[in-house]
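What follows is a set of notes on a single structure, which appears directly below.
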Amino acid sequence: MTVAPHFQFKNGTLHAENLSLTQLAETYDTPLYVYSRQALRDAWEAYRVATEGRNVLVCYGMKANSNLAVLNEFKNLGTGFDIVSGGELARVLAIGADPAKVVFSGVGKQVWEMQAALEAGVKCFNVESEAELTRLAQVAQDMGKIALVSLRVNPDVDAQTHPYISTGLKENKFGIAIEKAVEVYQHAASLPSLNIVGVDCHIGSQITEVSPYLDALDKLIALIQTLASHGIHLKHLDLGGGIGIRYTDEQPLTPSDLLNKVFEMLAQHQLDHLQIVLEPGRSLVGNAGVLLTQVEYLKHSEAKNFAIVDAAMNDLIRPTLYDAWHSVEAVKPRTQGDTLYDIVGPICESGDWLARDRKLTLQQGDLLAIMSAGAYAFTMASQYNTRPRAAEVMVDGDTAHLVRPREPLESLYASESILG
Ligand SMILES: *Cc1c(COP(=O)(O)O)cnc(C)c1O
């Protein structure tokens, strides 16, 4: 058993759905991101069941994986999208998604990004500061448009996750302090080019318990009631993303765990007329992908055994950035004796590691699958060391689709110029 249900061993070889990873490596070379279409559908199914018969809009937090094939799959399943840049807006427009189901998050929206989102007609801007509110009002006024606004408040709750992916604490750069929110809403209400539609929070990522969400919801409910007493009535409440996945032995909350509690609390406060918006990223794609890599060299030093592979921190930065754990599976495991290996890449940085102290039996040329690489893997990839970004393949049953080819080397510098 691996952590990902759609990547399992058959006849001693790790498969993505019905295709062996050995065969995929032969066809497409390594490093290679391999996604499972069925895994995307099954991850969505958990949300579909949880939202059935309820007024919920799921906006896929697309920064987790923004390949058009992934976006299109979710569009067809009925999701909206949570975008954080003008570039992500361009992607959702490229697949013909409905802008009325797009929410625009992010602390640093630029004028051109606001203009593009107003032009497209997004569901709302999740506004993160007073300065942003002022800018948005001006941009909308100049365009003769009304901007739909939700304030992202910072509820000051501890999501009990890694500091880099915890976003709902006072000291984080995100959102408007909840104590200041009423004042900022009143200011927003006074600006004719803005129309207040909701409230939003996003407290962090890879959250495994329901309680931090309920702590946040508690504070948002109090805010919504105060706003109502000031004549400001909201249409939706957006609880952000953050539901975790299993990287090793986590037992994360499910969408049903969350929504059952949320609707219970809303009913207690006569707030069930509100639409609930969720912005899940990782939980829809994280275990739908692996990063396939080949062992280039084995290196045994006095202190450590290294497996030097052809994938690197430029392909998967999570281990070195967050100290994140990704399971590593040999695609064709060997039986005799285990050795502890650090799995490292070829980049000239000591931080270039993918996994540490893993018990494996390896030979040069072996294939390894870095598991749970469907989220925050390709989207955080760079071309550091002039390494082309790896190809992406989506497996659908017995068929593999190349959804992004490996970048040709020349493309990495084709637009650069030298001085005459
Ligand atoms: C990153 C992000 C998400 C998605 O988070 P996950 O942990 O991947 O579910 C949702 N909303 C906002 C505002 C984000 O920044």
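A short reminder: the numbers here are calculations on the coordinates, not readings from a lab. Because the structure is predicted, anything quoted here is derived from the model rather than measured. Methodologically, a virtual Cβ is constructed for each residue, glycine included, from the backbone with ideal geometry; neighbour enumeration extends over all protein chains shown.
Which GluC sites (Glu not before Pro) does the stretch 167-207 hold that lie in a coil by DSSP with at most 16 other beta carbons within 10 Å?
On the way: sites: Glu171, Glu179, Glu183; in loops: Glu171.
For GluC sites (Glu not before Pro) across the stretch 167-207 that sit outside H, G, I, E and B with at most 16 neighbouring Cβ atoms in 10 Å, the list reads Glu171.
Rounding to the nearest 10 and keeping the result within 0 to 90°, find how far the Cα-based axis of helix 68-77 lies from the longest principal axis of the chain.
Value to nearest ten degrees: 50.
Can you give the Kirkwood hydrodynamic radius of the chain from its Cα pairs, in Å with one decimal?
Across the chain, the inverse of the average 1/r is 22.7 Å.
For a bin width of 5 Å, list the pair-distance distribution of the stretch 1-152 built from all Cα-Cα distances, rounded to whole %.
With a bin width of 5 Å, the distribution comes to 2, 8, 16, 16, 15, 12, 10, 8, 6, 4, 2, 1, 0.
If each DSSP helix of 4+ residues adds -39,500 (n - 2.57) and the sum is divided by the residues in the chain, what number results at 222 nm, nearest 500 deg cm²/dmol?
-8500 deg cm²/dmol, from helical runs alone.
Please give the helix 255-268 orientation as an angle from the longest Cα principal axis of the chain, in degrees from 0 to 90, rounded to the nearest 10.
Between the helix axis and the principal axis of the chain, the angle is about 10 degrees.
May I ask you to derive the relative contact order of the chain, considering only C-alpha pairs under 8 Å and at least 6 residues apart, and to give it as an integer percent?
Computed value for the chain: 20 percent relative contact order.
Send over the per residue convex hull volume for the stretch 96-235, Cα only, as a whole number of Å³. Walk me through the numbers on the way to the answer.
Details: hull volume 16.0 nm³, N = 140.
So the per-residue hull volume is 114 Å³.
Compare the peptides 199-209, 131-141 by average per-residue count of other Cβ atoms within 10 angstrom and give them in order, highest first.
Most protected by this proxy first, the peptides run 199-209, 131-141.
With each label point set 7 Å from Cα along the Cα-Cβ vector, what nm distance links Gln364 and Asp249?
Distance between label points: 3.7 nm.
Can you give me the P(r) profile for the stretch 7-65? Cα pairs, bins 10 angstrom wide beginning at 0, each as a whole percent.
All Cα pairs considered, the percentages come to 18, 36, 26, 16, 4.
Set the Förster radius R0 to 25 Å, insert the Cβ-Cβ distance between Asp158 and Glu264 as r into 1/(1 + (r/R0)^6), and round the FRET efficiency to 0.05.
0.65
Counting DSSP beta bridges in the chain, what percent are antiparallel, to the nearest 5?
Bridges in the chain that DSSP calls antiparallel: roughly 45 percent.
What is the total of Lys pairs in the stretch 1-132 with C-alpha atoms under 17 Å apart, excluding same-chain pairs fewer than 8 positions apart?
The number of close lysine pairs in the stretch 1-132 is 7.
How many angstrom lie between the Cα centre of the stretch 297-365 and the Cα centre of the stretch 35-67?
32
Note down the magnitude of the dipole of the chain about its Cα centre, charges +1 on Lys and Arg C-beta and -1 on Asp and Glu C-beta and zero elsewhere, to the nearest 20 debye.
380
Note down, for the stretch 334-403, the three equivalent ellipsoid semi-axes (square root of 5 times each alpha carbon gyration tensor eigenvalue), biggest first, whole angstrom.
Its equivalent ellipsoid spans semi-axes of 24, 20, 11 Å.
Mind checking the stretch 296-350 for GluC sites (Glu not before Pro) that DSSP puts in a loop (not H, G, I, E or B) and that have at most 13 other Cβ atoms within 10 Å?
Glu302
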